[in-house]
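To keep things clear, I will list the structure first and then write my remarks on it.
The values are calculated or read from the model by the stated rules, or taken from the named source; none is laboratory data. This one's a predicted model, so the numbers in the text were calculated from it and none came from an experiment. We place every Cβ from the backbone using ideal geometry, glycine too, and count neighbours over all the protein chains shown. Accessible surface areas use protein heavy atoms only, side chains included; no ligands, DNA or RNA. Shrake-Rupley method; radii C 1.70, N 1.55, O 1.52, S 1.80 Å.
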Amino acid sequence: MKGYRGLLAALAVVVALVVVPAAAQAAPIASVYGGAVKCRVLPLKGNIRLCGGNPIESENKSFALTWDGKTKIDVNVILPPESTEGAYPLIGDFHGWGGSKQGLATFEPEPGKGLTFEQEDPRIQHWAEEGYAVFSMSDRGWGLSCGKFDPAKATTVCEKGFNHLMDDRYEVRDAQYLMSVLAAEGVVNPTKIGVTGASYGGGLSLALGSLRNRVMNEKGELEPWESPAHQAMEIAAAAPQWPWSDIAYSLAPNGRNLDYVTNSPYKGPSGKLPIGVWKASWSEGLNTVGEAISYEKTDPRVVIPSWLLRFKAGDPYTDAGVEEIVKELSTYHSSFGINHSVEPAPSLIQSGWNDDLFPVDEALRYYQRTRAQYPGDPISLYLADIGHSRSQNKKADVAAFNARLEAWFAHYLKGEGATPSSSVEALTTSCPAIPSVGEVPSEGPFKASDWAGLQPGEINLKTTGSATITHGTTTEEGTPTVSSATFDPIVGTGEPCVALPEEEVANEHAVEYSTGPIPAGGVTLMGSPTIVAEVESPSPNSEIAARLFDVSPEGYDRLIARGVYRPDGGVQQMVFQLHPQAYHVPAGDEIELELLPSDFPYMRFSNLQANVTVSNLELRLPVNETPGSLGGLVQTPAPKVVPAGYTLAKEFETQPSGGGNSGGGNSGGGSKSNPAPAPVKVGVGSLAGKLTANGSAIFVPMSCNEEGACSGLTSFSVKQQGKKNRTAIANGNYAIPAGKTMTVRMPLTKTGRKIVKEMTSGKHPKKNLNGQLVIEDTGRAKKQTSNRAVQLPRGK
């Protein structure tokens, strides 16, 4: 990476920004941003004009100062041919995580190294030819907007140019300001602005549409969005691709998001739902990119590496620090957290069935609230096998979306065509017959006026009795199985059609449920697989990982949906939805649900996992077939289970509410037939005897009082000669039923095993190992620390 600095060391950064008052421009546009960014005609590209471009060329400066007057931003402005002059309708086109400004070509300072200073978007040429101006920028902390390899990184124009993780007060405001300057200069129409972008750019464009005609200042306050010439600015249309609506939920989901309610914030309407399970492999991958080419310095409020380390350490996530991280992310980095007293811009949201980073849930959360609050505000969904890994991103599916985007922008920015109505359009995830891998055309499009309209029928699998999801040691759960590694979006194959033999998917800790063979004709899953069950979890820090498979008659399993749920401690009713999917299950195949204690490395394993008992499970599979199909297998959808405090979306009101409680938050409500459960009681765990050890672990007897289940962490450390700090040699976790006693096993670290081996071997083996025991019990406000002797095994 040091080579990037050497390659660009000769680049002189000159930034000047003088705002020109709004005025009709008789002469062709020669520059933008007060002359700082020159424009030139491109004869080989239909005479469209590029203002900016390749910043390595000394005559083509592409930098402007943003709203704070201190930070340089690398920009591109692409204009139509000179036959007509502004004010053009404008399309803002924004890049993804690790990317840089969008343009007419890709510029890599060192080809093949993964770093770009400009990325080609083939749509830009077409947009400019169609009469749109196009704006793009490298977000703060990326590319030549003060990224790690920007030669100006150490200068004053990069003093605040660090990565704020798509903050409404910084990156989003940067885009608003720089587009408003183009309006002030008479280049673009201030109220005919469309925005789009994928992933990180999807999050930015969804936030811009949510703010619409407002900006958020550094204090988090909303103000009217005006250009430097005091023109009222407004987003006329948004087309986010693969966006998040709540980045905290997307990175650490708790499984409580429901696609049929209008109010599904991360912590629930009561604000008491638990923090979820960290997406380990995706978060590590994103951080690796950030550390490699972006952040060296961060805002004290946005300390990305520290956040990563905290979530990487795992649960319990009950400390104030984690709560502050979640609050920050949901409030200032997520469109769902933006004050929604103003209706959003008309939005066409693209989302992907097999996107394990920002799944369709993220679009549905925003969609349902918007439809409920502003039923006349157009909002549409385009759902397909498109997005982050494990998506196929078939060319035909991408082209179909781009056609919808063209019509959306043409109407809202240019007044062309009929007004689009709110709708949902879906293409399926289509794969070859199991176990083959390859590309086959997607089925569809399936169209409806709303989300519920895609799923008129349901396959309902009801079970009785109980089953237990057991758990292994932390070491076992932190070691990927063949299937969890294969199906992981980062370390696995990265595609959705792979299938494994059943014996490679089987897990001794899992419980499984199957529909049996699907009848002739097959069935098309279309929506969120929903689990309704009673669960008992002694620990409030356990997790339930769910995977839904298409199982072929030959015994191969293909993953078609997944999700994770964080239960409360004790007994509760669970309503839990896996990520939505559209997938045709052929006749003869079975649909199988697998519940596991962990789906590592995709989701982090729990430090405090306990055995979880699942009773009377009901699996509801929404399908595109109508009730009565497949010989009666397809039924009318069962009434929705609506937890206390949530509101059923109108499109599902034809089905009476199922009442009940999701077991999340104990927020009151309920009814005589479905009373709200009593608050979960937490017991207090205590040491109940002497510590012993063998060659692989230390054993700690623990008791739990009668008040409720106990859970917590234990660790044992020793003082080693020549070392200043104590060395932890064993760690463990426990979950003990109320009134019970059990022995907690703390596996020894490599250093611990070595110490025990040395002390128990030779002619004079030691009987005891002196050290410090720490017990962090969820029922106590403070951790307990005591000096203890561990009885060692007799040497051989």
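Looking at Ala9, Ala87, Ala22, just one residue is more than 34 Å from the chain's Cα centre (by Cα), open to solvent by less than 60 Å² (accessible area, probe 1.4 Å) and modelled with pLDDT under 55, and that residue is Ala22.
Are any residues in the stretch 437-471 closer than 27 Å to Thr493 by Cα, at pLDDT below 95 and among the charged types (D, E, K, R), and if so, which ones? Answer for the stretch 437-471, where residues must be closer than 27 Å to Thr493 by Cα, at pLDDT below 95 and among the charged types (D, E, K, R): just Glu439. Selection of the stretch 400-422 for residues being modelled with pLDDT under 95 and under 27 Å from the mean Cα position of the chain (by Cα) yields only Ser422. A Cβ distance below 6 Å, combined with a sequence gap of six or more or placement on separate chains, defines the contacts here; from the stretch 426-443, residues that are within 13 Å of Leu383 (Cβ to Cβ) reach residues that are open to solvent by 60 Å² or more (accessible area, probe 1.4 Å) in the pairs Leu427/Pro445; Thr428/Glu443.
Do you know which of the residues in the stretch 425-442 that are among the hydrophobic types (A, V, I, L, M, F, W, C) and in contact with a Ser or Thr (Cβ under 7 Å, 6 or more places away or on another chain) is nearest to Pro344 (Cα to Cα)? Walk me through it before giving the result.
Our first condition is that a residue be among the hydrophobic types (A, V, I, L, M, F, W, C); within the stretch 425-442, this holds for 426-427, 431, 433-434, 437, 440.
Narrowing further to those that are in contact with a Ser or Thr (Cβ under 7 Å, 6 or more places away or on another chain): 427, 434, 440.
Working: Leu427: 26, Ile434: 43, Val440: 37 Å.
Going through the qualifying residues, I end up with Leu427.
You will find that of Asn787, Asn768, Asn731, the residue that is closer than 18 Å to Asn694 by Cβ and more than 35 Å from the chain's Cα centre (by Cα) is Asn768 and no other. Here Ala403 fulfils each of the conditions (1) farther than 28 Å from Ser283 by Cα; (2) out of contact with any Pro (no Cβ under 9 Å at 6 or more places or on another chain); (3) part of a loop (DSSP other than H, G, I, E, B) apart from (3). When restricted to residues that are among the aliphatic types (A, V, I, L, M) and surrounded by fewer than 24 Cβ atoms within 10 Å (Cβ to Cβ), the stretch 513-532 contains 3.
Looking across the stretch 766-796, the residues that are open to solvent by less than 60 Å² (accessible area, probe 1.4 Å) and assigned to a loop (DSSP other than H, G, I, E, B) come down to Thr778, Gly779, Leu792, Pro793, Gly795. For the stretch 131-175, a tally of residues being within 21 Å of Ile325 (Cβ to Cβ), touching a strand residue (DSSP E or B) at 6+ places or on another chain (Cβ under 6 Å) and surrounded by 24 or more Cβ atoms within 10 Å (Cβ to Cβ) returns 1.
In the stretch 569-583, which residues are surrounded by 23 or more Cβ atoms within 10 Å (Cβ to Cβ) and not aliphatic (A, V, I, L, M)?
Let us first name the residues in the stretch 569-583 that are surrounded by 23 or more Cβ atoms within 10 Å (Cβ to Cβ), namely 569, 574-583.
Passing the criteria: Gly569, Phe576, Gln577, His579, Pro580, Gln581, Tyr583.
Taking the stretch 724-766 as the range and being under 24 Å from Ser686 (Cβ atoms) and of a type in the set (Ser, Thr, Tyr) as the test, the residues that pass are Tyr734, Thr741, Thr743. When Lys2, Lys70, Lys45, Lys38 are screened for being open to solvent by 60 Å² or more (accessible area, probe 1.4 Å), at pLDDT 60 or above and under 25 Å from Asn163 (Cα atoms), only Lys70 passes. Of the residues in the stretch 286-336, how many are open to solvent by less than 10 Å² (accessible area, probe 1.4 Å), farther than 17 Å from Ser250 by Cβ and among the hydroxyl-bearing types (Ser, Thr, Tyr)? Result for the stretch 286-336: 1. Name the single residue, out of those in the stretch 470-482 being more than 21 Å from Thr749 (Cα to Cα) and under 26 Å from the mean Cα position of the chain (by Cα), that is least open to solvent (accessible area, probe 1.4 Å). Per the criteria, the residue is Thr481. In the set Lys757, Lys723, only one residue is at pLDDT 80 or above and either open to solvent by 60 Å² or more (accessible area, probe 1.4 Å) or not in a strand (DSSP E or B) (or both); that residue is Lys757. Looking only at residues in the stretch 683-696 that are within 38 Å of the chain's Cα centre (by Cα) and crowded, with 19+ Cβ neighbours inside 10 Å, the one that is farthest from Val790 (Cα to Cα) is Gly683. Listed here are the strands (runs of 3 or more DSSP E) enclosed by the stretch 192-249 that have at least 3 residues being crowded, with 23+ Cβ neighbours inside 10 Å: 235-241.
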